[in-house]
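First up is the structure itself, then whatever we jot down about it.
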Amino acid sequence: MKVYPEAFADYIERYSRQIMVLGVQNQLKLSKARVAIIGCGATGSSVAEVLARAGVGFIRIVDMDFTEISNLHRVHLYTEADARNSILKAFACRRHLVEINSSIEVESIATAVDSSNIEELVGDVDLVIDGTDNIETRLLINEACVKLSKPWIMIGVEGWYGMVKFIDAAKTACLRCFITSTPRRRQNACNIIGVVNTAVFITTAIASTLALKHLLGCDVDEELFIIDSYSLHIKRVKVLKNSRCPVCGLNIFEHLSKSDESNIRICGGNSVEIRPQRKVEIMLEKLKKEMFRRENIIIEDHIAYIHRDGVQMALFRDGRALIKGITDVEEAKKLYHSILDELRKYVAD
Ligand SMILES: [Zn+2]
């Protein structure tokens with residue numbers, strides 16, 4: 001972020017109460033900091049809001065999910081209107097963060113995170129925040145961050161409980177040091193077990209504190225924090241680095257070397273992403289101009305939201321689509337091709 005002289009007084013005023021604690025130089029450090037948040041559900045959006053208000057200069061939000069009414073009890077930022085219109089979380093999050101702090105840069109990327117894109121998503125930032133809801137993606141983030149020497153913060157919530165761990169493999173244990181086996185199947189804690197919102201807020205307050213300490217260049221507490229938001233006990237558990245850890249010890253990156261899947265289910269198990277096999281361009285501007293003929297299409301944030309028989313599809317300019325409300329991948333592909341066929345006038349090869 002550039003701070004121009006004429007805007008400097010406004011800058012100082014905005015952060016004045018924080019500057020009283022941190023000092024101007026540290027505030028400027030935050031303005032230059034870059035953070036990627038992988039997953040912006042309950043935990044990711046909560047940390048995103050704290051970092052945006054604190055003045056972190058660049059925040060990348062990555063999520064492929066749609067906002068739903070069942071998210072609202074625990075997810076910061078999102079509104080009933082976002083849920084009613086099934087806005088993609090990454091874009092709803094970006095919009096609200098920019099409303100809160102228009103002086104920072106917020107990038108939204110709606111995609112499934114996998115071995116084909118994780119290194120690019122985390123490669124140019126100072127810190128990675130885990131806002132995901134499953135261990136498999138956390139293990140992938142862990143491998144990418146160890147490989148690229150990026151610090152990251154693991155966050156998990158479940159019921160009344162939360163867990164937070166700052167991981168910088170050069171100094172601390174990595175996730176694989178203390179998670180000794182890979183799960184057999186993908187699990188989504190939020191879908192199976194449920195969570196109380198205070199567990200989210202206490203846990204993410206700790207995670208945000210660790211994030212700010214790292215971005216300010218302070219020593220960061222490296223213990224595993226285990227939070228009981230009901231009894232209000234917070235336990236700090238020392239986790240030792242494992243010299244025989246396959247990831248940070250032996251540099252074996254099992255998850256990074258897995259081949260890319262073209263369709264991936266997400267939290268709730270009812271959404272898939274389809275990536276086109278050939279290069280196409282959806283002419284969204286032309287589609288928007290002729291919108292009056294198509295009541296079931298809304299163009300927002302350069303995305304075409306298409307409703308069809310209880311199914312919601314978000315179609316991007318590059319032909320990529322996220323489809324919610326379908327559990328069968330083949331059925332999703334069929335719908336995708338039929339919609340692209342209907343819109344062929346707006347598709348350039
Ligand atoms: Zn390790």
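Quick one: putting +1 on the C-beta of Lys and Arg, -1 on the C-beta of Asp and Glu, what dipole do you get for the chain around its Cα centre, in Debye to the nearest 20? Let's see the in-between values first.
Numbers: 46 positive and 46 negative charges, 84 e Å.
Value, rounded to 20: 400 debye.
Using DSSP H assignments, which helices in the chain have an axial alpha-carbon span of 15 Å or above and a mean Kyte-Doolittle hydropathy of 1.0 or higher?
Working: long enough: 42-54 (18 Å, 0.67); 89-100 (16 Å, 0.15); 135-147 (18 Å, 0.42); 197-215 (26 Å, 1.07); 329-342 (20 Å, -0.64).
Membrane-span-like by this criterion, though nothing is claimed about a membrane: 197-215.
At a probe radius of 1.4 Å, what is the per-residue accessible area of K29, in Å² to the nearest 10?
My reading of the accessible area for K29 is about 90 Å².
Of the accessible area of region 33-237, with the probe set at 1.4 angstrom, what percent is carbon plus sulfur? Provide the component values of the computation, followed by the final result.
Numbers: 3880 of 7680 Å².
C and S fraction of accessible area: 51 percent.
Got a number for carbon plus sulfur as a percent of region 271-348's accessible area, 1.4 Å probe? Could you put the intermediate results ahead of the total?
Numbers: 2170 of 4320 Å².
Ligands and nucleic acids excluded, carbon and sulfur give 50 percent.
Looking at I87, G249, W152, which one has the Cα that reaches farthest to the positive end of the dipole of the chain (charges on Cβ: Lys, Arg +1; Asp, Glu -1)?
The Cα lying farthest towards the positive end belongs to G249.
Run down the aspartates and glutamates and flag those whose C-alpha is under 15 Å from the C-alpha of K333, throwing out any fewer than 8 positions away in its chain.
E261, E273, D341, E342
Would you kindly derive the ³J(HN,Hα) couplings of region 230-243 from the backbone phi angles with the Karplus curve 6.51 cos²θ - 1.76 cosθ + 1.60 (θ = phi - 60°), listing them in order in whole Hz, with x for Gly and Pro?
With coefficients 6.51, -1.76 and 1.60, one gets 8, 7, 6, 9, 10, 9, 10, 10, 6, 10, 8, 6, 9, 5 Hz.
When a/c is below 1.5 the answer is rounded, else prolate if a/b is larger than b/c, else oblate, so apply that to region 31-138 with a ≥ b ≥ c taken from the square roots of the Cα gyration tensor eigenvalues. Intermediate results must be reported in sequence, preceding the final value.
Numbers: a/c = 1.79, a/b = 1.12, b/c = 1.60.
It comes out oblate by the Cα gyration axes.
Which entries of K29/K258; K89/K150; K213/K241; K89/K258 show an alpha-carbon separation above 32 angstrom in the structure shown? List each step's numbers first, then the result.
Working: K29/K258 37 Å; K89/K150 25 Å; K213/K241 21 Å; K89/K258 26 Å.
Where the Cα-Cα span goes over 32 Å, the pairs concerned are K29/K258.
Need one word for region 271-348: rounded, prolate or oblate. Basis is the Cα gyration tensor (sqrt eigenvalues a ≥ b ≥ c); a/c below 1.5 gives rounded, then a/b vs b/c decides.
Numbers: a/c = 1.80, a/b = 1.30, b/c = 1.38.
Oblate shape, in that a/c is at least 1.5 and b/c is the bigger or equal ratio.
How many angstrom lie between the C-alpha centres of region 133-184 and region 232-248?
Measuring centre to centre over Cα atoms gives 10 Å.
What shape does region 33-237 take by its C-alpha gyration tensor, where a ≥ b ≥ c are the square roots of the eigenvalues and a/c under 1.5 counts as rounded, a/b above b/c as prolate, and the rest as oblate? Mind dumping the intermediate values first?
Numbers: a/c = 1.29, a/b = 1.14, b/c = 1.13.
Here region 33-237 falls in the rounded category.
Name the most mobile residue of R84, R14, R278, meaning the one with the largest mean-square fluctuation, in a Gaussian network model of the chain with Cα contacts below 10 Å.
R278
The values are calculated or read from the model by the stated rules, or taken from the named source; none is laboratory data. Given the structure is predicted, the values throughout are model-derived calculations rather than measurements. Methodologically, a virtual Cβ is constructed for each residue, glycine included, from the backbone with ideal geometry; neighbour enumeration extends over all protein chains shown. Areas reflect the complete protein model, heavy atoms only, side chains present, ligands, DNA and RNA absent. Shrake-Rupley method; radii C 1.70, N 1.55, O 1.52, S 1.80 Å.
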